[in-house]
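What follows draws every value from the coordinates through simple rules; no lab data is involved. Everything quoted here is computed from the prediction, not taken from an experiment. Neighbour counts are summed over all protein chains in view; Cβ atoms, including those assigned to glycine, are modelled from backbone coordinates with ideal geometry.
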Amino acid sequence: MTFIPTSVLVTGGAGFIGSNFIHSFIANNSDCTVTNLDCLTYAGNLKNLTALEGNPHYRFVKGDIGDAALVAGILADQRIDAVVHFAAESHVDRSITGPEIFVRTNVLGTQVLLEESRKHWQSGAVAAFRFLQISTDEVYGSLGDTGYFTEETPLAANSPYSASKAGADLLVRAYHETFGMPTLNTRCSNNYGPYHFPEKLIPLLIHNIINRKPLPVYGDGLNIRDWLHVRDHAVAIETVLKTAAPGAVYNIGGNNEWKNIDIVNLVCDLLDSRLRRADGENRGLITFVKDRLGHDRRYAIDASRLKADLGWGPSYTFEQGIAETIDWYLANQEWVAGVTSGAYREYYKNQYDGGAA
């Protein structure tokens, strides 16, 4: 049976994946409203959503998922029938130097959101309800040279970030098993595409190459990741939300494994031609640096269950997606400048402090 939401709460919707999901979801669902709850940490950028200003189907609220009263008020006032939970501290390096905020936001914040959602759902305020937790393949730990993560792979997180996401995933499972709450969970591979904060690999490479800065590569550069275009991810999330059975867990992957150093070389070469530089010039910027603590060697997602059960598969080839991504960053240097300078944090600051738009 298809679930058709009418009022969706998206947490962390000013971030990279969340903002792309909101754009995609509103474009596909003209009869549904979206409330975006985001506390606007460094990774939240309202300029990702300027195209939706004035849209009657979109509303922004500045606030913390750990604020129970705020969450309860939104759920009741907006008659929310679906929560899509992106909000999280997400950068592994930051979790190594400061793990406390990752536990506070990713674990305790998720518990508050679950508890207020449970009360709202059990009150009978809406006819049907879904809570969708957006997670990561990093909760599974590290793979050897062969094999893939499936939905049955035991959780074996190796960084404070992935441990906090695994904790949140288990809380979501517990609310389904204990209370019968209609929860869902997705775990995705590495995303790339527009609006990606330039501390992550691909946007960092693009930015540094444009500015002729060193391209830091951890260790030997042979760590392997599966890459998924963020717009394919957005469609997959909507598919799971509307058609998956409550309690389900789905992996979302691009079937697209690359060594980190090969990604670096590809981006270098594509930007050689676009920036009219000599062949191989950008590769001269590559700088190998000390490996990250607890750096997982390989991630690879088996997303066949999602294909078999719900019919989803990625539409982007990596060659198409990476070329479009590079061209987007080249065409949106004002956005990049606003992020790298910190100016984005002043955008609508006074208007949104303390309430809703």
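How much net charge surrounds Ala128 when only the other residues with a Cβ under 14 Å from the Cβ of Ala128 are counted, with Lys and Arg +1 and Asp and Glu -1? Working shown, then result.
Values: positive: Arg79, Arg130, Lys242; negative: Asp81.
For residues surrounding Ala128, the net value is +2.
Treating the angle as unsigned and between 0 and 90°, give the value, to the nearest 10°, between the Cα long axis of helix 68-77 and the longest Cα principal axis of the chain.
70
Using a ≥ b ≥ c from the Cα gyration tensor of the range 16-133 (square roots of the eigenvalues), is it rounded, prolate or oblate, where a/c under 1.5 gives rounded and otherwise the larger of a/b and b/c decides, a/b for prolate?
Values: a/c = 2.08, a/b = 1.18, b/c = 1.77.
Here the range 16-133 falls in the oblate category.
Helix 260-274 versus the longest principal axis of the chain: what angle, 0 to 90°, nearest 10, using Cα atoms?
For 260-274 against the chain, the angle is about 70 degrees.
Extension gain Lys213-Ala343, at 0.36 nm per residue separation less the Cα-Cα distance, in nm?
On the way: separation 130, 0.36 × 130 = 46.80 nm, distance 2.11 nm.
That works out to 44.7 nm of additional length.
What FRET efficiency comes out for Gln122 versus Tyr42 if R0 is 35 angstrom and r is the Cβ-Cβ distance? Round to the nearest 0.05. Can you show the working numbers first?
Numbers: r = 36 Å, r/R0 = 1.02.
Computed FRET efficiency for Gln122 and Tyr42 comes out at 0.45.
Within 15 Å, Cβ to Cβ, of Ala82, how many net charges do the neighbouring residues add up to if Lys/Arg are +1 and Asp/Glu are -1? Kindly include the intermediate steps, with their values, before the conclusion.
Details: positive: Arg59, Arg79, Arg118, Arg130, Lys242; negative: Asp31, Asp81, Glu116, Glu238.
Result for the neighbourhood of Ala82: +1.
Along Cα→Cβ, 7 Å out, is where each label goes; now give me the distance between the ones at Glu53 and Asp291 in nm to one decimal.
A separation of 4.7 nm, rounded to one decimal place.
Per DSSP helix of 4 or more residues, -39500 (n - 2.57); summed, then divided by the residues of the chain. What does that give at 222 nm, rounded to the nearest 500? If you can, show how the numbers build up before the last one.
Working: 12 runs with 135 residues, N = 357.
After summing the helix terms and dividing by the residues of the chain, the value is -11500 deg cm²/dmol.
About its Cα centre, how strong a charge dipole does the range 223-318 have in debye, to the nearest 20, once Lys and Arg get +1 and Asp and Glu get -1 at the Cβ? The partial results should precede the final answer.
Working: 14 positive and 13 negative charges, 34 e Å.
Computed about the Cα centre, the dipole is about 160 debye.
Can you tell me how much longer the chain between Asn332 and Arg173 gets when fully stretched, taken as 0.36 nm per residue apart minus their C-alpha distance, in nm with one decimal? Don't jump to the answer; show the numbers that get you there.
Working: separation 159, 0.36 × 159 = 57.24 nm, distance 3.99 nm.
Result for the pair: 53.2 nm of gain on full extension.
What share of the DSSP beta bridges in the chain is antiparallel, in percent to the nearest 5?
Values: 4 of 41 bridges.
Taking every DSSP beta bridge within the chain, about 10 percent pair in antiparallel fashion.
What does the charge add up to near Ser273, with Lys and Arg as +1, Asp and Glu as -1, over the other residues with Cβ less than 11 Å from its Cβ? Write out the running numbers ahead of the final one.
Working: positive: Arg274, Arg276, Arg277; negative: Asp269, Asp272, Asp279, Glu281.
Overall, the nearby charge balance is -1.
Within the range 208-244, find all residues whose amide N lies under 15 Å from a label point positioned 7 Å from the Cα of Cys32 along Cα-to-beta-carbon.
Zone members listed by number: 233-244.
Considering the dipole of the chain built from charges on the beta carbon (Lys and Arg +1, Asp and Glu -1) around the Cα centre, which of Phe25, Leu330, Leu171 is farthest to its positive end?
Leu330
Rounding to the nearest 20 debye, state how big the charge dipole of the chain is about its Cα centre with +1 on each Lys and Arg Cβ and -1 on each Asp and Glu Cβ. All intermediate terms of the calculation are to be shown ahead of the outcome.
Details: 31 positive and 40 negative charges, 73 e Å.
Using Cβ point charges on Lys, Arg, Asp and Glu, the chain gives about 360 debye.
Taking a temperature of 20 °C and a viscosity of 1.002 mPa s, what whole-number D in µm²/s does Stokes-Einstein yield for the chain with Rh from Kirkwood over alpha carbon pairs?
Values: Rh = 20.8 Å.
The estimated diffusion coefficient comes to 103 µm²/s.
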